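Q: One structure follows; several queries about it will come next.
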Ligand code: SF4
Ligand code: SF4
């Protein structure tokens, strides 16, 4: 299922190492969050069981695991692949879809809190760069469509 997306040789070494567990903030603070279990199931061809798990969305993408990994691989590759898989299957949390829809519409992941900014004496937020983003998105979609048609 994730063949071609993940390097299974590196993932196999990762499954036998496990060192990152002690430096990963999510592992240390979130009960049940354990990329080692996800990796074990991916290698066993059982990744589907994680597609609807909240745990795959609890990776902070802090890159701690990547930074310390002797093979420069990291837990995070497995967690990112699982998130992409879950999204492709429509099994992502509703907040992810809402965040994406807002990003495409406004170029932002959330609206700046005007009252809070005023209270702190902060200036008006800058432009989001939405127009440029939409142009890039259009080009990306056209290129993707073109490559699928070949
Ligand atoms: S990137 Fe994710 S898996 Fe890696 S250390 Fe950070 S939270 Fe943990
Ligand atoms: S990411 Fe690297 S250091 Fe961390 S458990 Fe896997 S192989 Fe070991």
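Every number in this text was worked out from the coordinates using simple rules, so none of it is lab data. Remember, it's a predicted structure, so these values are computed and weren't measured experimentally. All Cβ positions, even for glycine, are placed from backbone atoms using ideal geometry, and neighbour counts span all protein chains on display.
Q: Would you order 21, 75 from fewest to most other beta-carbon atoms within 10 Å of each residue's own beta-carbon?
A: Lowest count first: 21, 75.
Q: Order by neighbour count: 28, 66, fewest other Cβ atoms within 10 Å first, most last.
A: Going from least to most buried by this count: 28, 66.
Q: Beyond 26 Å, what share of the Cα-Cα pairs of the chain is found? Please give it as a whole percent.
A: On the way: 4860 of 11175 pairs.
So the pairs more than 26 Å apart make up 43 percent of the total in the chain.
Q: Which one of 73, 140, 85 has the biggest mean-square fluctuation once the chain is modelled by GNM with Cα springs under 10 Å?
A: 140
Q: Now for a different question. Order of 108, 98 from fewest to most other C-beta atoms within 10 Å?
A: 98, 108
Q: Compute the helix-to-body angle for 75-88: its Cα long axis versus the longest principal axis of the chain, expressed 0 to 90° and rounded to tens.
A: Relative to the chain, helix 75-88 is tipped by roughly 60 degrees.
Q: Let me ask another. So what's the angle, to the nearest 10 degrees on a 0 to 90 scale, between helix 94-106 and the longest Cα principal axis of the chain?
A: It is inclined by approximately 40 degrees.
Q: Okay, helix-only estimate at 222 nm for the chain: each DSSP H run of n ≥ 4 adds -39500 (n - 2.57), divide by all residues, round to 500 deg cm²/dmol; what do you get?
A: Numbers: 8 runs with 82 residues, N = 150.
Value at 222 nm, helices only: -16000 deg cm²/dmol.
Q: Express the relative contact order of the stretch 94-149 as a whole percentage, based on alpha carbon pairs under 8 Å and six or more residues apart in sequence. Spell out each step's value before the answer.
A: On the way: 23 pairs, mean separation 15.7, N = 56.
It rounds to 28 percent for the stretch 94-149.
Q: Please determine, in degrees from 0 to 90 and to the nearest 10, the orientation of helix 8-17 with respect to the longest principal axis defined by the Cα atoms of the chain, where the helix direction is its Cα long axis.
A: Between helix and principal axis, roughly 70 degrees.
Q: Scattering from the C-alpha atoms of the stretch 1-89 alone, worked out with Debye: what is log10 I(q)/I(0) at q = 0.12 1/Å?
A: -0.30
Q: Please give the FRET efficiency for residue 130 paired with residue 41, using the beta carbon to beta carbon distance and R0 = 30 Å, rounded to the nearest 0.05.
A: Rounded to the nearest 0.05, the efficiency is 0.15.
Q: Follow-up question, since we're still on this one. Taking the inverse of the average 1/r across all pairs of different Cα atoms in the stretch 94-149, what Kirkwood radius in Å do you get? Each step should come with its number before you reach the end.
A: Values: mean 1/r = 0.0747 Å⁻¹.
Roughly 13.4 Å, rounded to one decimal.
Q: Follow-up. Given C-alpha coordinates of the stretch 45-133, what is the ratio Rg to Rh with the Kirkwood estimate of Rh?
A: 1.10
Q: How much length is gained on full extension from residue 98 to residue 23, taking 0.36 nm per residue of separation minus their Cα-Cα distance?
A: Stretched out fully, the residue 98 to residue 23 stretch lengthens by 23.9 nm.
Q: Between 78, 44, 19, find the one with the highest GNM mean-square fluctuation for the chain; connect C-alpha pairs within less than 10 Å.
A: The residue that fluctuates most here is 44.
Q: Take the chain, connect every pair of alpha-carbon atoms lying under 10 Å apart with a spring to form a Gaussian network, then pick out the residue of 110, 32, 45 with the largest mean-square fluctuation.
A: Ranking 110, 32, 45 by mean-square fluctuation puts 110 first.
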